[in-house]
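In what follows, a structure is listed as structure tokens, so that the remarks can point back to it.
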Amino acid sequence: MIKMTTARSLRVRYLIGLSAIALLVTTSFVTMQHVVSQQRNFAQIVNLAGQQRGLVNRLAYFASQMATTENQTDFDQARAQVGRTINRIEDNHRLLREGSPEAGIPRITSPTLTTIYEDPMVGVDKALDSFLERARRVYATEMEALTPNNAAYIFLNVYGPYALEPMLDAVVDEYQRIGRQSILRIERFELGIWLAALLTLLLELILIFRPLEKRVTESIGSLEGAVAQLEETRGRLVSAQELAAVGDWQWNAQTQELSCSEQTHEILGITADSFELSLETLEHRVRPEDREHWKAHLEQASAQTNAGRLELEYRIQRPDGRERVIHQFMVAQHDPDGALISLSATLQDISERLELSTRLKKLSEHIPGFIFQYELRPDGSTRFPYVSQGIIDLYGLWPEQVHEDGAAAFTRIHREDVEHHTNGIYASARALRVWNDQYRVQHPERGEIWLEGNATPERLHDGGTLWHGYLWEITDRKRSEDQIRKLALYDPLTGLANRRLLRDRLEHALATSQRSQRHGALLMMDLDNFKTLNDTQGHDVGDALLVEVGRRVSNEVRAADTVARLGGDEFVVILEALDPDRASSQLKAMQLATAIQQALHQPYRLMDRGCPYQTSVSIGVSLFNDLSLGADELLRRADIGMFEAKESGRNRVCLFSEQREAEVHSRTSLIQELADAIQQGQLMLYYQPQFRPDGSLHGAEALLRWHSPSRGMVPPGDFIPLAEETGLILAIGHWVLNTACRHLNQIQRSGLHDQFSLSVNISPRQFADSDFLDKVEQALTSHAVPAQRLKLELTESSLFHDMDHAIEILEQLRKQGIGIELDDFGTGYSSLSYLKRLPLDALKLDGSLVADVVSDARDLAILRAAIAMAKTLSLTVIAEGVETNEQRAFLASEGCDLLQGYLLARPMPFDKLYALIEQATPQRSQDPTSELAHQLSQRRA
Ligand SMILES: Nc1nc2c(ncn2[C@@H]2O[C@@H]3COP(=O)(O)O[C@H]4[C@@H](O)[C@H](n5cnc6c(=O)[nH]c(N)nc65)O[C@@H]4COP(=O)(O)O[C@H]3[C@H]2O)c(=O)[nH]1
């Protein structure tokens, strides 16, 4: 459209340009004509004016002949000449004065001419009249009468040359002047026209021809570009045909000629010059089985004027023997009368594509799941243009059922997943983002199955979306995930919630209680003595009990409440929405906890074991009604409540209290400080010497001291039970053993006392430690201390728990030479039969026994029995807590081998003990190395 407008404007400009030039040329031509005619006219006039002068002379001449001849004939001839000349002068004068359009002589006037002609004195009109009047008189005179003296004749001869001729010359001059002026004007006009023509040409050059030339150049350029583009397009078409393996041919119905592209030759396997292609030769290439079909196709195209694009697949046989499958589109062209003009066709070798699609089909039939093309049309309707057979297995639908309408597949989707599924598809269509989804399908035979899909979308021309994707079944995986999720959230043994789920629920319960303003409660419970059941009856029975406990607890609470097992024998219950009132909520929670406690106290029949098992539970209760506490704090509080229930004798329900928490807190910080104390070197060993009855120094008992920076000196009675309970005693005991051995080494190296021994207290937990023997041996070895120098003090509780095991350990210790002493003897229930079995070296009579031995007959009896018992078993008897001389004397007299107590010496630091040993030794060793070693060790200590 734009191009047409441009061409039209070019044409208009060009025409204007040409018209202007034509106008100028025409004007110039007319002007020239005018100049020429003007010149001619003036030439005629000047000529006429000039003729007048000649005619005047001629008249005078013939008048002279008339006057001078004597021959009548000559006279007559001269006379005739005079007559004709008079007429001509008169005619000429008239022409000059009046002009004659017929003769092409214009009437010329000017002031000068008027004067020349009409002046009354010297005007040509009057002079010529006078001259011609004399001439006529001469003419009328006969030969005989005419003499040179004739007045008229004389006038003619005189007046003519001398008066009239100058006048006529003036006329000629004037005509010439007027003619020149007129021509000059025309010439100027001509110059103007010429300049205008030049200017017009220049303007046309600038405004018309230059743009015209530019346009033409541009047009030529774009024409060349178009030609190049055409060439390129042709080239591209050829290579596209090559690439797509698409050929084409045209058949002209009139000439019966068939032209085809190079690619057609390529497809047919023939060269362009091998033989001439015609519809017949083309048909000859078609396999005989398909030939009829091919012909029918051709005929249909030729016959039907409105057949449109016809499609056909057929096989051809190439000269090289290869069979190929061809896909052909054919279009026929007809004239308005319906006569066939031409046939055009494209043909493509689809053998490989067919083979590929056959393979793909086979593949898609054998892979699990199905591949598909899914189309979402702009109107929201859907279809599966392609879907493999796998859809039968996953959707229970045949591919044909969804080819044109995908609604059937949609109805199979699980109703809970429909919204999510639809949103996913639309989101993918909007953003053209890969669609990926997991959703459930309700299969008519297989029930609910899980599918996962992945598809890449593309936008269609009509605005619809087409996905290419793959769907596969993930039911098993989903089940496993479900299982894993359950395992992650539920206790596999009891099926109750585990710690993780409990936390979630607890946080949720806290939030709910804040919203509803109703209190909730957390119950934490621990079975009493579960470990014993587990150890004695085996884990199967333990597990059976836990399952039953879980079941009974669940029975006691509402379905909405959460019962969880935290591990081991620890259970937790979350009670929700109790009451807005705290007291009432507390009451409800305690009642429920008591109900649980009672339910769990009922006898159990575990794994068909003969006698029923009975257990009890300690329950801690903590209330909540907002988020402020947090799940951790709430659990901690319930734990404190439970701890208290256990502390106060088990089988109890205890509500968390702030005071109890403070106690627990102080205990916790004590534990922490004690743990730090080992690292920070706040522990020390004091030694309380032991003497023989004769007062000689025998050895010493190592007693632990804790110099706490914040608490001052903490007595062992305050922290050893805690260390025992928490297990810290293992590290502490290790340190004590090694420190005692190091000190023993120093004493030994000093050479002061070659029999001196140190007794070290061993706690029950330390003794039960599987590495105990190794640790003792390691302490002796690393400090190079002979085993005989080390005594271990054990209590009954260490030994009687598992006698056999204890005996085994003790024997091993004794085998090395380590002395074993039974501490606190007389406070427990040790009988002779037990003592007999134990490989002991000494009995240590408890200080409480010694304290009242002098005054209390009962204590005296026990003491005597104990000493007798020890003597029977050949054990050394050590008495501790000797505070008075009476006690000492008495104990000595009763046969105690060793005495220990404030009377003799209080517990002291190592350097004091060392000094005591020095004092007690009669002769100090002179060994300089021993001295040096002592000093060094002193410094180190
Ligand atoms: N009233 C009175 N008391 C006397 C007299 N002579 C000694 N004692 C005290 O009696 C305790 C003797 O220690 P124990 O019976 O083994 O009792 C020890 C022992 O069971 C334990 N113990 C101390 N050190 C250790 C240790 O290193 N390991 C272990 N496991 N327990 C230790 O702490 C308990 C208390 O130790 P200590 O407070 O040092 O108290 C020591 C000692 O200072 C006396 O004449 N009169």
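All of the numbers you see were taken from the coordinates with simple rules; none came from a lab. Because the structure is a prediction, the values reported are computed rather than measured. A quick note on method: Cβ atoms are made from the backbone with ideal geometry, for glycine too, and the neighbour counts reach across all protein chains shown.
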Legend entry - Which of Tyr613, Val714, Phe691, positive extreme of dipole for the chain (C-beta unit charges): Val714
Inset, instruction - Measure nothing fancy, just the Cα-based angle from helix 772-782's long axis to the longest principal axis of the chain, in degrees from 0 to 90, nearest 10. - result: 90
Legend entry - Dipole of segment 752-904, positive end: most advanced residue of Met803, Leu838, Leu822 [Cβ charges, Cα centre]: Leu838
Legend entry - Helix-only [θ]222 nm of the chain, DSSP H runs n ≥ 4, -39500 (n - 2.57) each, per residue, nearest 500: -18500 deg cm²/dmol
Legend entry - Rounded to 10°, Cα long-axis angle of helix 857-872 versus longest principal axis of the chain: 80
Inset, instruction - Tell me the label-point distance for the pair Leu904, Leu198, using the 7 Å Cα-to-Cβ offset, in nm and rounded to one decimal. - result: 15.4
Inset, instruction - Using the number of other C-beta atoms within 10 angstrom as an exposure proxy, rank Met330, Met684, Met121, Met590 with the fewest first. - result: Met121, Met684, Met590, Met330
Inset, instruction - Using 0.36 nm per residue of separation minus the Cα-Cα distance, give me the extension gain between Ser628 and Glu280 in nm, one decimal. - result: 115.7 nm
Inset, instruction - Could you sort out which of Lys791/Lys836; Lys362/Lys478; Lys775/Lys836 sit more than 21 Å apart by Cα distance in this structure? - result: Lys362/Lys478; Lys775/Lys836
Inset, instruction - Specify the angular offset, from 0 to 90 degrees and rounded to the nearest 10, of the alpha carbon long axis of helix 885-894 from the longest principal axis of the alpha carbons in the chain. - result: 70
Inset, instruction - Arrange the peptides 216-227, 33-44, 344-355, 567-578 so that the one whose residues have, on average, the most other Cβ atoms within 10 Å appears first. - result: 567-578, 344-355, 33-44, 216-227
Legend entry - DSSP bridge pairs, segment 671-940: antiparallel proportion in percent, nearest 5: 40
Legend entry - Euclidean distance of C-alpha centroids, segment 805-877 and segment 293-363, integer Å: 116
Inset, instruction - Take the Cβ-Cβ distance between Gln679 and Gln778 as r, set R0 to 22 Å, and report the resulting FRET efficiency rounded to the nearest 0.05. - result: 0.65
Inset, instruction - Just the number, please: percent antiparallel of the DSSP beta bridges in the chain, rounded to the nearest 5. - result: 80
Inset, instruction - At 7 Å along the Cα-to-beta-carbon direction for both Glu452 and Arg377, put a label point, then send me their distance in nm to one decimal. - result: 3.4
Legend entry - Relative exposure of Ser782, Ser388, Ser757, judged by other C-beta atoms within 10 Å (fewest first): Ser782, Ser757, Ser388
Legend entry - Distance between segment 416-460 and segment 175-241 - C-alpha centres, whole angstrom: 70
Inset, instruction - Kindly put Cys260, Cys741 in sequence by how many other C-beta atoms sit within 10 Å of each C-beta, fewest to most. - result: Cys260, Cys741
Legend entry - Cβ-Cβ FRET estimate between Gln176 and Glu102, R0 fixed at 41 Å, reported to 0.05: 0.95
Inset, instruction - Add +1 for every Lys or Arg and -1 for every Asp or Glu among the other residues with Cβ under 14 Å from the Cβ of Ser708, and state the total. - result: -1
Inset, instruction - Using DSSP to define loop residues, name the trypsin sites (Lys or Arg not before Pro) in segment 606-683 whose beta-carbon has at most 16 other beta-carbon atoms within 10 Å. - result: Arg609, Arg650
Legend entry - Nitroxide proxy distance, nm - points 7 Å out along Cα→Cβ at Phe209 and Phe29: 2.0
Legend entry - Two-site FRET efficiency, Arg309 against His468, from Cβ-Cβ distance with R₀ of 35 Å, rounded to 0.05: 0.85
